[in-house]
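Notes follow once the structure below has been shown.
Values in this text are rule-based calculations from the coordinates and carry no lab data. In this text, all values refer to a predicted model and were calculated from it rather than measured experimentally. Note that we place each Cβ from the backbone using ideal geometry, even for glycine, and neighbour counts take in every protein chain shown.
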């Protein structure tokens, strides 16, 4: 199905224009805001119209990337940071643009201790904190990280780059022994095409020395804060094809290969 105002996988999804997004800045609980779609990235739409400043008008916690996938974006405490492919961490400029990001105005409604454990164990513990009926979760985990396998991607300047091109050029590194905020979302499989089904996490060290997309991690201990999301507003740039939304096992496999390898 195309993106239409309606219920997809237990979350109400609405497509909005940039003008509509700019006009709707009221506080909304349980609502996530997204710039473009993962399917658009897969097909090479790596230049968005939304600025980081505009993105932050819609949320204070989230993740994403910059135009031409120039680093991994982490939004925490209302600030946007970029983990660059050279390992540096810089504050995103308000006029930087994003081809893909998702944020929310985060208000924790569920809290609990997680860890020790790795990626799968910790996300399963967060899953267990939420009611079974919750389709989409936003999470912040403040944790002592023993080990993290992180990645970022360099700017893509070749003609017609795609997400696969960028991931093929990714830089992966490990970091050890630091305190961090781990932020992200869990989406249901029926939003495949819009978002990555399952967990998608980025982290940033408390001292802003380390950040990136989380491929794997081990935490000693952590405290998870969770908000259930039941609304997703998707801003799609003019001229960007939306593609089709719905579970596609092959597309999910390709995304999982790119997101966790």
For 152, 133, what ranking results if the residue with the fewest other Cβ atoms within 10 Å of its Cβ goes first? 133, 152
Taking square-rooted eigenvalues a ≥ b ≥ c of the alpha carbon gyration tensor, is the range 60-114 rounded, prolate or oblate, where a/c under 1.5 means rounded and, failing that, a/b exceeding b/c means prolate? prolate
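Taking a ≥ b ≥ c as the square roots of the eigenvalues of the Cα gyration tensor of the range 1-148, is the shape rounded (a/c under 1.5), prolate (a/b larger than b/c) or oblate?
oblate
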When only C-alpha pairs under 8 Å and at least 6 residues apart count, what is the relative contact order of the range 6-260, in percent? 29
Specify the residue with the greatest mean-square fluctuation among 192, 179, 26, computed from a Gaussian network of the chain linking alpha-carbon atoms under 10 Å apart. 26
Using the count of nearby Cβ atoms within 10 Å as a rough guide to exposure, how do 17, 123, 37 rank from fewest to most? 17, 123, 37
For n ≥ 4 DSSP H runs only, could you compute -39500 (n - 2.57) per run for the chain, divide by its residues and tell me the 222 nm figure to the nearest 500? -4500 deg cm²/dmol
Two pseudo-spin positions, 7 Å from Cα along C-beta at residue 47 and at residue 155, lie apart in nanometres by 1.3
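Taking the Cβ-Cβ separation of residue 93 and residue 29 as r and a Förster radius of 25 Å, what is the calculated FRET efficiency to the nearest 0.05?
The calculated FRET efficiency here is 0.30.
Does the chain come out rounded, prolate or oblate, given a ≥ b ≥ c as the square roots of the eigenvalues of its C-alpha gyration tensor, rounded meaning a/c under 1.5 and, failing that, prolate meaning a/b above b/c?
In terms of gyration-tensor shape, rounded.
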Extension gain (nm, one decimal) between residue 79 and residue 209, 0.36 nm per residue minus Cα-Cα: 45.3 nm
Pop a pseudo-label 7 angstrom from the Cα along the beta-carbon direction at both residue 17 and residue 120 and give the gap in nm to one decimal. 4.7
Footprinting proxy, 42, 137, 25: sorted fewest to most Cβ within 10 Å, the residues are 25, 42, 137
